[in-house]
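Colleague: Next up is a structure, given as structure tokens.
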Amino acid sequence: MNFELIVFDWDGTLMDSEARIVTCIQAAFRDLGLPEPVREVARDVIGLGLDEAMERLLPTGEAELRAKVVVQYRRHFLGGDQSPSELFPGARETLDWMTEQGYRLAVATGKSRTGLNKALDETGLHGVFHATRTADETFSKPHPQMLLELMDELGARAGETLMIGDTEYDLQMANNAGVRSLAVCYGVHEPGRLLACEPLACLDSLWAIRDWLSARQAN
């Protein structure tokens with residue numbers, strides 16, 4: 001397994017945005033007079049596309065109501081909420097190192113295109129990634145379509161591709177696409193859930209990802 005393409009999840013993997021996402025979900029529910037989901041429930045849908053997340057949070061709700069919650073969430077997340085969202089320690093340095101090593105880099109995220117572009121602008125990482133996919137452009141995780149489209153666009157085979165993420169949705173997407181994965185255990189889902197998806201490893205920092213790849217290169 002000589003990896004050439006490395007695909008990152010965004011929220012919970014590169015960016016520490018859990019608190020902001022949870023507060024915006026809760027605010028959207030309050031706006032519509034709905035009982036707001038507790039933190040543990042709201043955080044569990046991070047990584048899914050918004051439509052799929054609302055199906056889980058409002059399983060008995062009508063599609064029109066879910067759509068209204070999505071609108072309110074986007075209003076808060078893209079404009080109103082000022083909760084800080086920063087890159088995890090080592091993110092920029094790890095991405096720079098991967099670029100120097102010749103890896104092609106991509107993002108597969110449950111965010112919208114507008115949301116991802118905003119995050120890339122705010123972090124100055126727009127030029128780092130060779131390609132990106134968002135949940136409003138194709139199927140949401142754990143469907144494999146995002147990965148399949150990225151591999152097709154960048155000319156990478158499944159055996160040359162590595163998916164890195166913090167949720168079982170990321171790892172299930174990789175499995176569904178026939179791609180190997182790395183889990184990071186500092187994000188949303190607990191290590192037990194991640195390990196059940198059989199990643200190559202479960203690592204505790206972005207620095208550890210660089211060390212893991214360096215060790216493979218040495219061998």
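Colleague: Among the residues of region 184-204, how many are more than 21 Å from residue 161 (Cα to Cα) and in contact with a helix residue (DSSP H, G or I) (Cβ under 7 Å, 6 or more places away or on another chain)?
Modeller: 3
Colleague: Moving to a separate point now. Of all residues in region 21-41, how many are open to solvent by less than 20 Å² (accessible area, probe 1.4 Å) and touching a residue at least 60 places away in the same chain (Cβ under 8 Å)?
Modeller: Total meeting the criteria: 0.
Colleague: Give region 42-65 a look and list any residue that's open to solvent by 70 Å² or more (accessible area, probe 1.4 Å) and either in contact with a Leu (Cβ under 8 Å, 6 or more places away or on another chain) or without any contact (Cβ under 8 Å) to a residue 12 or more places away in the chain (or both), or say none. Don't jump to the end; show me each part of the working.
Modeller: Within region 42-65, the first condition is being open to solvent by 70 Å² or more (accessible area, probe 1.4 Å), and the residues that meet it are 51, 55-56, 59-60, 62-64.
Listed by number, the residues that qualify are 55, 56, 59, 60, 62, 63, 64.
Colleague: OK, next. Quick check, is residue 215 part of a helix (DSSP H, G or I), within 20 Å of residue 5 (Cβ to Cβ) and without any contact (Cβ under 8 Å) to a residue 12 or more places away in the chain? Talk me through it step by step, then tell me what you get.
Modeller: Values: part of a helix (DSSP H, G or I): yes; within 20 Å of residue 5 (Cβ to Cβ): yes; without any contact (Cβ under 8 Å) to a residue 12 or more places away in the chain: yes.
It is true that residue 215 is part of a helix (DSSP H, G or I), within 20 Å of residue 5 (Cβ to Cβ) and without any contact (Cβ under 8 Å) to a residue 12 or more places away in the chain.
Colleague: Could you pull out the residue among 36, 52 that is closer than 24 Å to residue 179 by Cβ and at pLDDT 90 or above?
Modeller: Numbers: 36 fails: closer than 24 Å to residue 179 by Cβ.
Among 36, 52, only 52 is closer than 24 Å to residue 179 by Cβ and at pLDDT 90 or above.
Colleague: If you go through region 69-82 one residue at a time, do you hit one that is surrounded by 19 or more Cβ atoms within 10 Å (Cβ to Cβ) and in contact with a Lys or Arg (Cβ under 8 Å, 6 or more places away or on another chain)?
Modeller: Yes: region 69-82 contains one or more residues that are surrounded by 19 or more Cβ atoms within 10 Å (Cβ to Cβ) and in contact with a Lys or Arg (Cβ under 8 Å, 6 or more places away or on another chain).
Colleague: Do the conditions hold for residue 120, that is, is it within 20 Å of residue 85 (Cβ to Cβ) and either in a helix (DSSP H, G or I) or at pLDDT 95 or above (or both)? Talk me through it step by step, then tell me what you get.
Modeller: On the way: within 20 Å of residue 85 (Cβ to Cβ): yes; either in a helix (DSSP H, G or I) or at pLDDT 95 or above (or both): yes.
For residue 120, the condition - within 20 Å of residue 85 (Cβ to Cβ) and either in a helix (DSSP H, G or I) or at pLDDT 95 or above (or both) - is met.
Colleague: Is there a residue in region 85-100 that is at pLDDT below 90, crowded, with 17+ Cβ neighbours inside 10 Å and either out of contact with any His (no Cβ under 6 Å at 6 or more places or on another chain) or under 27 Å from residue 191 (Cβ atoms) (or both)?
Modeller: yes
Colleague: What are the pairs, 6+ residues apart or on separate chains, where a residue within region 109-130 that is touching a residue at least 12 places away in the same chain (Cβ under 8 Å) has its Cβ under 6 Å from a residue that is β-branched (Val, Ile, Thr)?
Modeller: 109/134; 111/134; 112/134; 113/134; 116/109; 116/134; 129/107
Colleague: Against the definition (outside any loop (DSSP other than H, G, I, E, B), in contact with a helix residue (DSSP H, G or I) (Cβ under 7 Å, 6 or more places away or on another chain) and polar (S, T, N, Q)), how does residue 181 come out, yes or no?
Modeller: On the way: outside any loop (DSSP other than H, G, I, E, B): yes; in contact with a helix residue (DSSP H, G or I) (Cβ under 7 Å, 6 or more places away or on another chain): yes; polar (S, T, N, Q): yes.
Yes; evaluated as a whole, the condition is true for this residue.
Colleague: Kindly provide the set of residues from region 152-177 that are over 16 Å from residue 9 (Cβ atoms) and touching a residue at least 24 places away in the same chain (Cβ under 8 Å), ordered by number. So that I can check it myself, show each step before the final result.
Modeller: Of the residues in region 152-177, the ones over 16 Å from residue 9 (Cβ atoms) are 152-160.
The answer is 154, 156, 159, 160.
Colleague: Kindly establish whether residue 135 is open to solvent by less than 60 Å² (accessible area, probe 1.4 Å) and within 19 Å of residue 173 (Cβ to Cβ).
Modeller: Numbers: open to solvent by less than 60 Å² (accessible area, probe 1.4 Å): yes; within 19 Å of residue 173 (Cβ to Cβ): yes.
Taking the combined requirement at face value, the residue satisfies it.
Colleague: Another question about this same structure. Tell me which of these residue 149 doesn't satisfy, since it passes every other one: (1) free of Cβ contacts under 8 Å to residues at least 24 places away in the same chain; (2) out of contact with any Ser or Thr (no Cβ under 7 Å at 6 or more places or on another chain).
Modeller: Exception for residue 149: condition (2).
Colleague: Take the residues of region 1-20 that are in contact with a Lys or Arg (Cβ under 7 Å, 6 or more places away or on another chain) and surrounded by fewer than 18 Cβ atoms within 10 Å (Cβ to Cβ): which is farthest from residue 70 (Cα to Cα)?
Modeller: 1
The values are calculated or read from the model by the stated rules, or taken from the named source; none is laboratory data. Everything numeric here is computed off the predicted structure, so don't read it as measured data. Backbone-built Cβ (ideal geometry, glycine too); neighbour counts: all protein chains shown. The protein model used for the area step is the full one, side chains on, heavy atoms only, and it has no ligands, DNA or RNA in it. Shrake-Rupley method; radii C 1.70, N 1.55, O 1.52, S 1.80 Å.
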